[in-house]
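J.: This is the structure, below, for whatever I ask next.
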Amino acid sequence: MTPEDTFFTEEIFGAETYLLINGSTGGILSAVSAVLEKGETLLMARNCHKAAYHAAYLRECRIEYCYPEFLDAYGICGVISPEKLQKKLEENKGIQAVFITSPTYDGVISDVKEIVCEAHKRNIPVIVDEAHGAHLGLDERFPKSAVECGADIVIHSIHKTLPAFTQTALLHVQGELIDRNRLQRFLQIYQTSSPSYILMAGIEQCISILEKDRNMLYNNFLKQNIQF
């Protein structure tokens, strides 16, 4: 198996999945490159990871920014408003893809379902950097994942909130708006041709743990008086 092989995990994540051994960075670069030709326009949340900016640079994208709300009480960025995003889509008919981060690195979750709905009305694919939300949707007591909300490509850094090695991640793809062959081509470009089998085995071990023990693990976790 290579990282570019499809690793089906529908029972857990609900989508076709690719292993990433170059972290979410490799997934973000591949996702943006797969959905945009050089010079096309990306509507991107202003609080995205630097990998999204690198992806836009490599594809020579035109960028329209959608600014998140600001939470003055905490001094952090809040959600991306679906209404604000809708306005951007209406004002710029040349937008070919949407890229947001949810949850943010501070744990703020946007209304991904409504954002996807607005984009899909115009046949525009949505990429969600869900690096810090690989656990979402794995237990009914957590918020729904971006996959469940209909996003076309979702990237997870499983080493952040799941038991996996640093540098391991997953890319999930679903729907009809993404060319799978094109996505696989860019995954081959942005990931090494000599992948670490330790990292790939670690991803499989992580998924195996989720398959067998996630109910017990999350029950124990949620008993710990943690305030969400």
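J.: Please verify whether the range 1-16 includes one or more residues that are at pLDDT 95 or above and of a type in the set (Val, Ile, Thr).
T.: No, the conditions are met nowhere in the range 1-16.
J.: Filter the range 12-22 for residues that are open to solvent by less than 10 Å² (accessible area, probe 1.4 Å), over 16 Å from HIS135 (Cα atoms) and touching a strand residue (DSSP E or B) at 6+ places or on another chain (Cβ under 7 Å) and give the result.
T.: Our first condition is that a residue be open to solvent by less than 10 Å² (accessible area, probe 1.4 Å); within the range 12-22, this holds for 15, 17-21.
Filter once more, so that each one left must be over 16 Å from HIS135 (Cα atoms): 18-21.
Scanning the range 12-22 gives TYR18, LEU19, LEU20.
J.: Suppose we filter the range 125-134 for residues that are of a type outside the set (Gly, Ala, Ser) and without any contact (Cβ under 8 Å) to a residue 40 or more places away in the chain; how many remain? Break it down stepwise before answering.
T.: Taking the range 125-134 and keeping what is of a type outside the set (Gly, Ala, Ser), we get 125-130, 132.
Right, trim to without any contact (Cβ under 8 Å) to a residue 40 or more places away in the chain and you get 126, 128, 130, 132.
Here the count works out to 4.
J.: Something else: Can you name the condition, by its number, that ALA119 falls short on among (1) assigned to a helix (DSSP H, G or I); (2) in contact with an Asp or Glu (Cβ under 9 Å, 6 or more places away or on another chain); (3) open to solvent by 10 Å² or more (accessible area, probe 1.4 Å)?
T.: So the condition that ALA119 fails would be (3).
J.: Continuing with the same structure: Any residue in the range 184-210 that is in contact (Cβ under 8 Å) with a residue 40 or more places away in the chain and under 20 Å from PHE13 (Cβ atoms) sitting within a Cβ distance under 6 Å of a residue that is assigned to a helix (DSSP H, G or I) and of a type in the set (Gly, Ala, Ser)? List the pairs, counting only those 6 or more apart or interchain.
T.: LEU187/SER30; GLN191/GLY26
J.: Being under 24 Å from LYS160 (Cα atoms) and buried (at least 20 other Cβ atoms within 10 Å of the Cβ) is the requirement here; does PRO125 meet it?
T.: Answer is no for this residue.
J.: Here are some conditions: (1) of a type outside the set (Asp, Glu); (2) in contact with a Ser or Thr (Cβ under 8 Å, 6 or more places away or on another chain); (3) open to solvent by less than 20 Å² (accessible area, probe 1.4 Å); (4) closer than 26 Å to LYS160 by Cβ. VAL79 meets all but one. Which one does it not meet?
T.: Just one mismatch for VAL79, condition (3).
J.: Related question: So which residues in the range 173-228 are surrounded by fewer than 16 Cβ atoms within 10 Å (Cβ to Cβ), among the aliphatic types (A, V, I, L, M) and under 22 Å from GLU16 (Cβ atoms), if there are any at all?
T.: ILE189, ALA201, ILE209
J.: Starting from residues that are over 20 Å from GLU90 (Cβ atoms) and assigned to a loop (DSSP other than H, G, I, E, B), keep the ones in the range 37-54 and report whichever is most open to solvent (accessible area, probe 1.4 Å).
T.: Checking each candidate, the answer is LYS38.
J.: Please pick out the residue among TYR57, TYR74, TYR105 that is open to solvent by 70 Å² or more (accessible area, probe 1.4 Å), within 30 Å of PRO195 (Cα to Cα) and assigned to a loop (DSSP other than H, G, I, E, B).
T.: TYR105
The values are calculated or read from the model by the stated rules, or taken from the named source; none is laboratory data. Nothing here was measured: the structure is a model prediction, and the numbers come from that model. As a convention, Cβ positions derive from the backbone with ideal geometry for all residues, glycine included, and neighbour counts pool all protein chains shown. All accessible areas refer to the heavy atoms of the entire protein, side chains included, with ligands and DNA or RNA removed. Shrake-Rupley method; radii C 1.70, N 1.55, O 1.52, S 1.80 Å.
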